[in-house]
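Just so it is clear, none of the values below were taken in a lab; they were calculated from the coordinates. Bear in mind that the values here come from a model prediction, so they are computed numbers and not experimental data. A quick note on method: Cβ atoms are made from the backbone with ideal geometry, for glycine too, and the neighbour counts reach across all protein chains shown.
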Amino acid sequence: MAGPERDRIAEIIVRTDDGRPDGRGSGYRVTDGAVLTAAHVVAGTGHIWVRFNADLPGESSVPAQVLVADPAADVAVLSVAPRVLGENLAPALFGALGERVATLDCVAVGFPRFKLREDPQDPLDSPLSRYRDS
């Protein structure tokens, strides 16, 4: 099992329009222009940013918008700008459920609250001034 690709792991940063605190979640870049996340992470948000490789060389943050969200399934797809114009990121590969019972290994990645850190490079009033290590 190869596991998740580090450059595809995304920190979703949301700012609400109704005065609630900024929110965070995790996502995974499934194509050059799409990030898969949970619908509850982006529900009722005003602005969304997607950050890749936080606090690492090559860190980048891009604005995003919700392409589709299904609250019942708690799934959302965000639209993001391609990393580099002309770059063609291959779609992420996913498995399928089989016909029989099986025990499978899996890997999960998230951005837990206890890993929240301040970024000295960004102004403190910016939602990008804080990040969570994965």
*asked:* Highest mean first, how do 66-73, 3-10 rank when packing is the count of other Cβ atoms within 10 Å averaged over residues?
replied: 3-10, 66-73
*asked:* For a Förster distance of 25 Å, can you work out the FRET efficiency between the beta-carbons of F94 and V66, rounded to the nearest 0.05?
replied: 0.75
*Output ³J(HN,Hα) for segment 61-70: one whole-Hz value per residue in order, computed from phi by the Karplus curve 6.51 cos²θ - 1.76 cosθ + 1.60 with θ = phi - 60°, and x for Gly and Pro.*
10, 10, x, 9, 9, 6, 7, 8, 9, 10
